[in-house]
Amino acid sequence: MKKIRMGRKGRKIRSIIAGVAVLALLGWFASLKINLEAQVNNYDFVVPLETRDISQAINTNGTVVMCYSSVITADVSQKVKTVHVRAGDMVRSGDVLCEFESGNIDDQISKLEKLINDTRSLEQMSDSNSANSVAYAEKSNEITLQRASVSLDAAKKEYDIANSKYGEYYSKYMAASEQADIELYYGMYKKYETSLDSLQKNIDACQMAYDNAKFQANQTVDEAHSQNDMQNLQISDTAEYEKNLEQLNKEKENLIIRATEDGVISDCFVCDGMYPENRELFKMGQLGKYKIDAKIFSKDILNIHEGMEAVFTTQLTGSDEIKGKVTNVSEVYTDGAYHADIEIDDPEMISVLKPNIDAFVRILVSNKEAVKAVSYDSVFTGEDGNCYVYRAREEKNGEYQAEAVKVEKGVETDYYVEIISSELSDGDLIVGSAEEHSSGDKIKIKGMTE
């Protein structure tokens with residue numbers, strides 16, 4: 001029994017000793033942490049003044065395009081039947097680029113020619129004793145029917161064009177990935193979608209007019225139209241239809257579009273079964289002379305000007321930056337952005353490039369490659385309204401004091417500020433967090449003698 005009691009007493013003593021040791025260790029760690037924090041907080045943030053590159057640039061995407069390109073157009077209102085080329089194809093002068101449908105235009109010309117001839121025939125009848133005859137009235141009804149047929153055809157064509165554009169822009173909207181393109185194509189397809197309802201109503205109205213004219217033409221005419229009615233018909237309609245006929249005959253002569261010179265197709269704006277937008281078909285240019293077509297977004301457009309330096313890279317030319325210069329900035333927002341032309345300075349690189357490849361572009365808004373710059377919190381405004389920085393000046397006793405030095409601010413970035421002063425040199429110790437100090441303050445720099 002005695003041995004058992006002594007064992008318990010020994011364990012109790014050991015527990016007490018272990019507890020004291022743990023408390024001592026925790027105390028040591030706490031004192032160490034306090035000392036470390038005191039050491040960290042005991043120093044001022046000081047950085048040697050040095051020359052930095054604080055150039056500001058606008059980053060964007062672009063495309064390599066041919067410098068001298070022309071847009072091939074056609075004043076044809078018909079639907080494209082077949083496109084024979086695509087972007088990147090080399091063509092020779094005289095090569096067929098595309099063809100328009102001809103069957104519909106022949107039918108339109110035939111109808112207009114008959115309408116004009118019948119109207120002239122009616123005019124001759126009015127000059128004779130037949131002006132009040134049944135034959136005259138029948139001819140007048142026939143012309144009314146022809147007019148209604150031409151109007152109905154025009155209404156259907158207008159609807160067909162809008163429906164074709166609706167489908168085209170809806171497909172582009174569904175395929176778009178860039179937000180700007182999504183918004184652009186959405187607006188375009190909704191515009192044409194909205195117009196379809198009113199265009200269909202116009203077709204319905206023209207169809208009703210045609211049906212009424214057809215009904216009247218099939219009726220037995222008991223009463224001839226007056227000569228005044230005939231004259232009004234001729235005066236109001238013949239000139240307009242003759243003008244339309246002249247335009248259609250011109251279109252018929254240009255249903256096959258050919259290249260007017262040797263070159264390469266850089267852009268294709270049409271495809272089979274569609275109507276041209278603004279009569280534009282293709283863009284064609286010459287190989288070997290290129291520039292960059294850079295996209296400029298609305299937030300940056302006011303900061304871009306002709307003459308600015310730029311650099312770009314492409315996958316074809318690798319990571320080496322190719323120098324260029326902004327030569328033109330567009331005034332019109334198209335294809336989801338503004339555009340700037342960048343002239344390429346390096347002729348050797350031009351010989352390597354190919355049209356329509358993507359480029360990553362940096363346009364230098366401010367070229368500050370080698371300027372004295374400090375962090376923005378190192379600059380403060382004095383009571384006199386001037387800008388200053390604190391320089392840590394070493395005294396004879398080895399200590400440092402804050403000395404206010406007047407500066408001028410130049411270009412500012414998100415972190416650095418360019419400073420201009422003849423009193424400062426590279427290597428001068430500039431104090432950060434200037435607002436926390438005053439002139440003459442002791443500046444403690446890590447490593448100095450306590």
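Summary table below
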| read-out | value |
| --- | --- |
| Ser171 vs. criteria among the small types (Gly, Ala, Ser) and free of Cβ contacts under 8 Å to residues at least 40 places away in the same chain | yes |
| Leading residue by the ranking (farthest from the chain's Cα centre (by Cα)) among those in segment 375-392 that are of a type outside the set (Phe, Trp, Tyr) and surrounded by 15 or more Cβ atoms within 10 Å (Cβ to Cβ) | Ala392 |
| Criterion: at pLDDT 85 or above, within 23 Å of Cys271 (Cβ to Cβ), assigned to a helix (DSSP H, G or I) and of a type in the set (Asp, Glu) - qualifying residue of Glu193, Glu242 | Glu193 |
| Selection status of Ala359, crowded, with 17+ Cβ neighbours inside 10 Å, modelled with pLDDT under 90, of a type outside the set (Asp, Glu) and within 30 Å of Asp181 (Cβ to Cβ) | no |
| Residue selected from segment 290-320 under the condition surrounded by fewer than 13 Cβ atoms within 10 Å (Cβ to Cβ) and among the charged types (D, E, K, R), by the criterion nearest to Val64 (Cα to Cα) | Asp320 |
| Residues of segment 387-426 satisfying the condition of being at negative phi, of a type in the set (Gly, Ala, Ser) and assigned to a loop (DSSP other than H, G, I, E, B) | Ser421, Ser422, Ser425 |
| Test for Ile430: is it of a type in the set (A, V, I, L, M, F, W, C), surrounded by 13 or more Cβ atoms within 10 Å (Cβ to Cβ) and over 30 Å from Asn61 (Cα atoms) | yes |
| Given (1) among the aliphatic types (A, V, I, L, M); (2) surrounded by fewer than 17 Cβ atoms within 10 Å (Cβ to Cβ); (3) closer than 17 Å to Gly62 by Cβ, number of the condition Met274 does not satisfy | (3) |
| Top-ranked residue in segment 74-88 [being surrounded by 17 or more Cβ atoms within 10 Å (Cβ to Cβ) and not polar (S, T, N, Q); ranked as farthest from Asp153 (Cα to Cα)] | Val85 |
| Residue that is modelled with the lowest pLDDT, among those in segment 393-404 that are surrounded by fewer than 17 Cβ atoms within 10 Å (Cβ to Cβ) and touching a Lys or Arg at 6+ places or on another chain (Cβ under 7 Å) | Glu399 |
| Residues of segment 375-386 that turn out to be over 13 Å from Val417 (Cα atoms) and part of a strand (DSSP E or B), as a count | 1 |
| Residue in segment 173-185 that is farthest from the chain's Cα centre (by Cα), counting only those that are buried (at least 16 other Cβ atoms within 10 Å of the Cβ) and of a type outside the set (A, V, I, L, M, F, W, C) | Tyr173 |
| Residue check for Val85: within 30 Å of Gly273 (Cβ to Cβ) and either out of contact with any helix residue (DSSP H, G or I) (no Cβ under 7 Å at 6 or more places or on another chain) or part of a strand (DSSP E or B) (or both) | yes |
| Residue satisfying all of: in segment 69-112; in contact with a strand residue (DSSP E or B) (Cβ under 7 Å, 6 or more places away or on another chain) and polar (S, T, N, Q); nearest to Leu248 (Cα to Cα) among these | Gln78 |
| Tabulated pairs, segment 354-374, first on the phi > 0 side of the Ramachandran plot and assigned to a loop (DSSP other than H, G, I, E, B), second among the hydrophobic types (A, V, I, L, M, F, W, C) and surrounded by fewer than 17 Cβ atoms within 10 Å (Cβ to Cβ), C-beta under 7 angstrom, 6+ apart or interchain | Asn356/Ala87 |
| Single residue of segment 289-315 satisfying the filter (in contact (Cβ under 8 Å) with a residue 40 or more places away in the chain and assigned to a loop (DSSP other than H, G, I, E, B)) that is nearest to Ile344 (Cα to Cα) | Lys289 |
| For Val365: the one exception among (1) under 30 Å from Tyr416 (Cα atoms); (2) at pLDDT 90 or above; (3) not charged (D, E, K, R) | (2) |
| Unmet requirement for Ala162, which otherwise passes all of (1) farther than 27 Å from Lys111 by Cα; (2) in a helix (DSSP H, G or I) | (1) |
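The values are calculated or read from the model by the stated rules, or taken from the named source; none is laboratory data. Computed from a predicted model, the values in this text were never measured in an experiment. As a convention, Cβ positions derive from the backbone with ideal geometry for all residues, glycine included, and neighbour counts pool all protein chains shown.
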